[in-house]
Every structure is written in structure tokens, then in C-alpha cells.
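Step one of this worksheet: look at the structure below.
The values are calculated or read from the model by the stated rules, or taken from the named source; none is laboratory data. All values reported here derive from a predicted model rather than from experimental measurement. Here the Cβ is made from the backbone with ideal geometry for all residues, glycine too, and neighbour counts use every protein chain on show. The protein model used for the area step is the full one, side chains on, heavy atoms only, and it has no ligands, DNA or RNA in it. Shrake-Rupley method; radii C 1.70, N 1.55, O 1.52, S 1.80 Å.
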Amino acid sequence: MRIALGTELRALRERKKRQAEASSDLDEGSKWTAEAVSARLRFSRSKLSRVEAGEIPLPKLADLDALLDEYGVTDEQERDDLKQMQLDSLKVEPITSYRAFLPSGMLRYLGLEQESVRIRGYENNVVHGLLQHEEYARALMGSAKIVEERTTQAVERSIQARMERKALLVDDREVHIILTETALRTCVGSPEVMRQQYAEIIRLCGLENADVQIIPQDLPTYRAPFNFTVLDFEALGSVVQADAYRSVTMWSKPADVGQFARQFEAMAKAAPGPSETPRILKALEEEMWK
């Protein structure tokens, strides 16, 4: 809802900018940059840009009223709708109970993930979080426990949050995940854990709304250099998430999202189809983990 509100506010500001440029000159248009509007309303320099990007909330109704007045929004229904959106954007979601145990930015991503209608994910190092078996997740997080100086409680809560995310797979949303064979050849935990993980992916392949593809190690095709997930929504533009060390990076500009979407579609087109995934996994299990 923060992103939805930010998108609406950016559209209103850009409309004023286009009107100013059309009726006068480019200098008038410069009065409607995010920085210029922030200065007139005595916001901090980056506040409006961050609100428009959905990075921070707009907690004061007076600030929203000031923006709507600045943009010349007089229709009462439109103002009421935006005020309701502002109130909804401040609601605390249940997932916030994991705030202390999640990387920076992950909380925001999980909220968006819950509201998405389609998820397209690519992983080149480990199994995507939505596909992970509980024991695989435990072994993966446990192996990093000492290095990342995390407590046992933090690890277990992170595992719990990851398992609860899998409820997304039984909803109506479309989920399409691409893995590299390299990720599946990397031993996490033990051969038994890997067998459990393979079985879990095969089980999830049986869901009507889930597609999983594997890029074979010997297939000479494009592979994105790092993992990412594209989230699509009914009434919002898509966003892209990529993991970094102890943080999450997100993109929402159409040009950025489009670049990631093209990468995903290129890999999906080149990889064997989802119907081949169980066969590939069984062959890998026979080779690697028997």
C-alpha cells in the first residue's frame, strides 16, 4: 500500500509538471520536481522521492493534505480515496513479528510478496526460498549461524518465516521459479537433506499454479549473474527484489523491471520445460546423492 500511495502521488506531481511545461516553458516544469515540491512544503530534501518510491510511509495526514493542495486535487472522492490509502499503508502486517530476525528490507519484500498475483524467481546459488524444504532451510541457515553471528532463536524464527511463505504456493497466484543445476549440485546439510529437497521440488511441480525449470549445467545459454525475483500486481507496476549481504535491494522503475523481466524470459525460453524438472531431479539424485 505504501508503493500504491507513492505511485499515485508521483502521478499527480508528474501531471502538474507536464501541464506546466505544456502551458509555459521547461523552467516552469522544474518547479514540479520532487525536490522542488519538498522544498516548498518544508519536507526534507529526499522525503517526497522516498515516499513516491514506497521506501518510507507518509504518517501525517496533514502532509498528505498539503501535497494534494499543492497538486490541485479538489475532488473530494479522490482525496478520500488517497486518505484511505494512506491509512492502509500505515497498518502493521502480521509478518512484522519477524522484524528482528530478517535482513534489512526483507520485511517490505514479504509484505509485497503476499499481495502479488505472480512471482517469477531465479536462483543460481541455492534453492529459491519458496521451494525450500524445512530441513534444507535449517541446514542452510545453520551453516551461516556462526559467521553471521546469529542466535539459535534467530535462525529458528527465520526458518519459521520461510516456511510460512510457502502458503503462497497454494493460493491462486502464479509462481514460476528457475534454478540452475549448479544450485542443485551444491550440497546443503547432507545427501539426505538434498534428497528431501529434491522430493519437495517434485511435489511442488505437481501444483497447478507452480512451474519450476532447471537450467542444465552443460546448456550453453544465458544465465543471469545474480538471483532476483519479479513480483507482479493487479493494480500496481511490477517490482524486482535481489538479495545482498544482510539486506534486500528493490527496483520499481519500469526500465529496471523490464530488464530483469527480459532476463527471466530468456532463461525460461532456453531451459527445458517444467514437465522435464522431475526427470532432471531424479537423474541428479541418482548421480549425486545415492
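Side notes on the structure shown:
- Estimated Rh, segment 166-290: Kirkwood, alpha-carbon pairs, angstrom: 15.9
- Dipole magnitude (debye, nearest 20) for segment 105-257, charges at Cβ of Lys, Arg, Asp, Glu: 380
- Selected from V240, L184, A66, residue furthest toward positive end of dipole (the chain; charges at beta carbon): L184
- The chain: proportion of alpha-carbon pairs further apart than 25 angstrom, %: 55
- Per residue, the accessible area of segment 111-269 comes to 48 Å² when a 1.4 Å probe rolls over the protein heavy atoms.
- Scaling against 2.2 N^0.38 Å puts the C-alpha radius of gyration of segment 1-50 at 1.17.
- Rounded percent of accessible protein surface that carbon and sulfur make up, the chain, 1.4 Å probe: 50
- Computed from Cα atoms, the angle from the helix 2-23 axis to the main principal axis of the chain rounds to 40 degrees.
- Cα-based Lys proximity count in the chain, under 18 Å, for pairs eight or more positions apart or on separate chains: 9
- Given charges at beta-carbon only (K, R positive; D, E negative), |dipole| of the chain in Debye: 760
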